[in-house]
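Values in this text are rule-based calculations from the coordinates and carry no lab data. Because the structure is a prediction, the values reported are computed rather than measured. Every residue, glycine among them, receives a Cβ derived from its backbone with ideal geometry; neighbour counts consider all protein chains shown.
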Amino acid sequence: MHALHAGKCRKALLRSGANHSGIDRAAPNQYHFSPDSSSSGLSVPMLRVSRLTDYATVVMTCIAAHPDNVLSTVQIADETRLELPTVSKLLKALGHAALVESFRGVNGGYRLARPATDISLAEIVEALEGPISMTECSVAEGQCDRESQCGVRGSWQQINSVLDHTLRAVSLADMLKPPPSRPATVRPAPIKPIAVTLKGGEATTE
């Protein structure tokens, strides 16, 4: 079986906080796009990717960090700290979307079907969520009986288009890059006090 270079993957990815207790439990995970609930006590926000889609990006970046290896499901689950059944479910969906390819046998496992630079974040989202659509009418017509009287459909379609293009502009290779460092804060030089004295009616500084 191919050796798993754990250090390489962990260096490329942020350390996951997901535990092995299942995807339905709240688990602090730095991969998450949004928390499970609002700290203000309000309802969970609607405009967010599902947890499975979130985890799919984790699995894909882990595989992408080993471009020369075929990783087993167990290896992927170990590195990402996700439940083995969850990883199996995600790999099946990603395989159906032709994002990963599988190999049988003793040295079997998974690897990317295409280079990471050729796989967009939008494709990963669509593999789990289906077509990207902010509203029912954003993608196809005839999904809402109020379409003919709706005055905001065009605006939602424009927003949906912006989101779609943004997700397609981000590649899996981009997801592997470390987050940009914050620019150093430049503090102004301290102002030195100036002593002013009067000599012969004229002001002089020291």
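Starting at the first residue of the stretch 93-104, write each ³J(HN,Hα) from the Karplus equation 6.51 cos²θ - 1.76 cosθ + 1.60 with θ = phi - 60°, in whole Hz, x for Gly and Pro.
The phi angles translate into 5, 5, x, 4, 8, 6, 9, 10, 10, 10, 10, 8 Hz.
For Ser148 and Glu136, compute 0.36 nm times the residue count separating them, minus their Cα-Cα distance, and round to one decimal in nm. Mind dumping the intermediate values first?
On the way: separation 12, 0.36 × 12 = 4.32 nm, distance 1.38 nm.
The span from Ser148 to Glu136 would gain 2.9 nm if fully extended.
Just from the alpha-carbon atoms, what are the Rg and Dmax of the stretch 51-114 in angstroms?
Gyration radius and largest Cα-Cα distance of the stretch 51-114: 10.4, 31 Å.
Given labels modelled 7 Å from the Cα in the Cβ direction, how far is it in nm from Gln158 to Lys92?
4.3
Can you work out ³J(HN,Hα) from phi for every residue in the stretch 128-134, in order, using Karplus 6.51 cos²θ - 1.76 cosθ + 1.60 and θ = phi - 60°, giving whole Hz and x for Gly and Pro?
Ordered by residue, 3J(HN,Hα) equals 9, 9, x, x, 6, 8, 6 Hz.
Output wanted: per-residue J couplings in Hz (rounded whole) for the stretch 75-89, from phi through Karplus 6.51 cos²θ - 1.76 cosθ + 1.60, θ = phi - 60°, x for Gly and Pro.
Here the 3J(HN,Hα) series is 5, 5, 4, 5, 6, 8, 6, 10, 4, 4, x, 5, 4, 4, 5 Hz.
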